Amino acid sequence: MEKEQSNNSDAFETLAQLTSGYCVARCLHVITELGVADVLESSPRTAPDLANAVGVSPDALGRMMRLLATFGVFQQEGEAFKHSPVSELLRSSHPQSMQPFVRLFGLPVYWNIYEKLTYSLQTGRPAAEKVVPEGLWDYFGAHPEDNKIFNAAMATKAVGQVAGVMAAYDFSGFKTIADIGGGRGHLLKAVLAATPTAKGLLFDLPHVVAEAAGLASERLSLQAGDFFKDPLPVADAYLVMEIIHDWADEEALMILQAIRQAAPAHAKLLLVEQLIPDAPGPHWSKMLDIHMLTLLGGRQRNLQEYQNLLAQAGFQLEREIQTFAGVSILEAVCV
Ligand SMILES: C[S@@+](CC[C@H](N)C(=O)[O-])C[C@H]1O[C@@H](n2cnc3c(N)ncnc32)[C@H](O)[C@@H]1O
């Protein structure tokens, strides 16, 4: 009987925490937006001191930081707060700063979309349709401030992924490497730095390529375009990192077919994605999957699902190369 009671109280606590998950997320967003992690340097500071520095209510800031500290974001020491390994990553100067990533998930447009989540549940379609009928990519194209945050967030989330890909794959056999939907070029830049004999081509939408203009060089060219409409570059290897997961099967297939059409017979396709594992336990890919459904109508896939998509587009999956960064490289050849 006693055991049952304690189980029930665990269950109550679990649901109470989960149902208020947005409270923690919002505290994290607003405190990050305010730059508290930048103001808090190496020595502990009290909430009134920090509040004074950023111009907010000392009481409210202290209570929000106290909550975040229970999740390991900041550490509380009496009346003062200091950095934890997690909050260090909120500093804009940290080489692996996740500040833009947190700011992205705190954007009002994301919250407005999540308010319509029932629409996704009822229809299987992105709730974004109810808020930004033009689609999220066009939305970012028309909202430069949000676009900057999105592109910075992609660069941020890619820091570890790029290191993982570079440690796992040898690009030296390729003369030309195209990065399709390569954002600001973070992956291609690293690949070219490690492969001095190769030239690279960055393909993305015009408002994204414009942000990468500074990268253009004799070895790295930029091509602005839409992979649903415009011809794709000819290359020996095609890098496609976290692009296919943005799309439902029909569009994913169109992108893969467009690459197949441009690719010479000897070319290799390298999809970089976080696969849904078979194990039922917690995994970031399962949360990312719901973000994909809600924001874009895309999905995270397992290995078999990728293999099927690739086969339909005229590619054969040769091998999955796991990286230390949670993403896998799916290497495919033309058939
Ligand atoms: C999730 S981001 C991935 C960026 C980068 N590959 C990475 O993993 O960091 C998706 C990218 O696809 C680009 N994109 C979306 N629609 C596109 C289209 N129709 N044609 C070309 N690029 C597109 C976006 O601009 C964005 O840079």
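Taken together, the values in this text are just the output of simple stated rules run on the coordinates, not laboratory data. All of these numbers come straight from a predicted model, not from anything done at the bench. Note that we place each Cβ from the backbone using ideal geometry, even for glycine, and neighbour counts take in every protein chain shown.
Summary table
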read-out	value
Loop-located GluC sites (Glu not before Pro) in region 43-128, at most 15 other Cβ atoms within 10 Å (DSSP)	Glu79, Glu115
At 1.306 mPa s and 10 °C, Stokes D of region 14-136 from Kirkwood alpha-carbon radius, µm² per second	100 µm²/s
Within the chain: Cβ-based charge dipole about Cα centre, in debye rounded to nearest 20 (Lys, Arg +1; Asp, Glu -1)	400 debye
Relative compactness, the chain, computed as alpha-carbon Rg over 2.2 N^0.38 Å	1.10
Cα-projected label distance for Ser43 with Lys229, points at 7 Å along beta-carbon direction, nm	5.8 nm
Net charge, Ala80 excluded, C-beta distance under 14 Å - Lys, Arg +1, Asp, Glu -1	-1
Amide H partners (placed H, <5 Å) of Thr176, local residues excluded	Lys199, Asp236, Ala237
Convex hull volume per residue in cubic angstrom - Cα atoms of region 76-227	169 Å³
Neighbourhood net charge (14 Å Cβ-Cβ; Lys/Arg +1, Asp/Glu -1) for Glu331	-3
Per-q log10 I(q)/I(0), region 157-222, q = 0.17, 0.20, 0.26 Å⁻¹ (Debye; single scatterer per alpha-carbon; no solvent)	-0.54, -0.75, -1.18
Whichever lysines have a C-alpha closer than 29 Å to that of Lys229, once near sequence neighbours (fewer than 8 apart) are set aside	Lys130, Lys148, Lys157, Lys175, Lys189, Lys199, Lys268
Cα Rg, Dmax (largest Cα-Cα span) when computed across region 240-335, Å	13.0, 41
